[in-house]
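Here is the structure we will look at, set down as structure tokens.
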Amino acid sequence: MPQNIPVVEKILSANDKLAQENLARIDAAGIFAINIMASPGAGKTSLIERTVRALSPKYRIGMINGDIATSLDADRAAAAGAVAVQINTGGNCHLDAVQLQSALDQLDLSSLDLLIVENIGNLICPAEFKLGTHKNVIVASIPEGDDKPHKYPSMYRGADVLILNKIDLLPYVPFRMEFFSQGVAALNPGVTQFNLSCTTGEGLDAWLGWIDGQIKK
Ligand code: MG
Ligand code: ZN
């Protein structure tokens, strides 16, 4: 067995342990927390903006943004009404539980109802690293193409919720819904799915209703 495999397993299990501690803090504060993952440009930040604008009159929302550089996305979430914390990973391609822990330290958790984590735009590895959130949300989008579940199985397998964004572009982009859905069904049958457009607002109410129901639990 190659030597590096036990090392990787050790790193992952240390990460999982810390993720459990993060989750315990989040639960103790009575917060519902989601981890949003997608490729760059799928619409994570637009979805977060829409969600914060719709729910911030009712709930207090924290947003943790992971990006390799800049705080552009955290600024957008803050402008929409969230308390936003920026994590610049300096080149790292995913968030991990250590980074979430230090972001949690910067938030007054007792003042929040909902915590949204925007992971790094990447379909390869973010799902391998637990953070300590309740639900993993993957955002796919019409212009990315219908083959993504087939090409990036680990991301789709681990998701609790799948959002298919930019459905307003369906008339203009070749996208075989059936081929996409076959890929999803093979990896994650019965996953909760919302088809929507953050541009037109179509389909957003079902997603917002789902989050609302989760916060109330
Ligand atoms: Mg973004
Ligand atoms: Zn990575």
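Here are the numbers:
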{"read-out": "Members of the range 122-167 found to be within 16 Å of ligand 2 (Cβ to nearest atom), over 17 Å from PRO189 (Cβ atoms) and polar (S, T, N, Q), listed by number", "value": "ASN122"}
{"read-out": "First in the range 119-138 and under 12 Å from ALA97 (Cα atoms) and free of Cβ contacts under 8 Å to residues at least 24 places away in the same chain, second anywhere and part of a loop (DSSP other than H, G, I, E, B) and within 16 Å of ligand 1 (Cβ to nearest atom), Cβ under 7 Å, 6 or more apart", "value": "none"}
{"read-out": "Hits in the range 124-137 - residues which are within 14 Å of ligand 1 (Cβ to nearest atom) and not in a helix (DSSP H, G or I)", "value": "VAL137"}
{"read-out": "Count of residues meeting criterion [within 16 Å of ligand 1 (Cβ to nearest atom) and surrounded by fewer than 16 Cβ atoms within 10 Å (Cβ to Cβ)] in the range 54-70", "value": "3"}
{"read-out": "Which numbered condition ASP105 fails, given (1) within 16 Å of ligand 1 (Cβ to nearest atom); (2) acidic (Asp, Glu); (3) modelled with pLDDT of 95 or more", "value": "(1)"}
{"read-out": "Residue check, ASP147 in contact (Cβ under 8 Å) with a residue 24 or more places away in the chain and surrounded by fewer than 15 Cβ atoms within 10 Å (Cβ to Cβ)", "value": "yes"}
{"read-out": "Residue in the range 31-46 that is assigned to a helix (DSSP H, G or I) and among the hydrophobic types (A, V, I, L, M, F, W, C) present", "value": "no"}
{"read-out": "Of all residues making up the range 82-121, the number that are assigned to a strand (DSSP E or B), within 16 Å of ligand 2 (Cβ to nearest atom) and buried (at least 19 other Cβ atoms within 10 Å of the Cβ)", "value": "3"}
{"read-out": "Residue within the range 122-131 that is more than 29 Å from ALA28 (Cβ to Cβ), in contact with a Gly (Cβ under 7 Å, 6 or more places away or on another chain) and surrounded by 20 or more Cβ atoms within 10 Å (Cβ to Cβ) present", "value": "no"}
{"read-out": "Residue satisfying all of: in the range 32-42; away from ligand 2 (no atom under 16 Å from the Cβ) and open to solvent by 10 Å² or more (accessible area, probe 1.4 Å); farthest from PRO153 (Cα to Cα) among these", "value": "PHE32"}
{"read-out": "Of all residues making up the range 150-179, the number that are assigned to a loop (DSSP other than H, G, I, E, B) and open to solvent by less than 30 Å² (accessible area, probe 1.4 Å)", "value": "2"}
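The values are calculated or read from the model by the stated rules, or taken from the named source; none is laboratory data. These figures come from a predicted structure and were not determined experimentally. Glycine also receives a Cβ, built like all others from the backbone with ideal geometry; neighbour counts cover every protein chain displayed. SASA here: full protein model, heavy atoms, side chains in, ligands and nucleic acids out. Shrake-Rupley method; radii C 1.70, N 1.55, O 1.52, S 1.80 Å.
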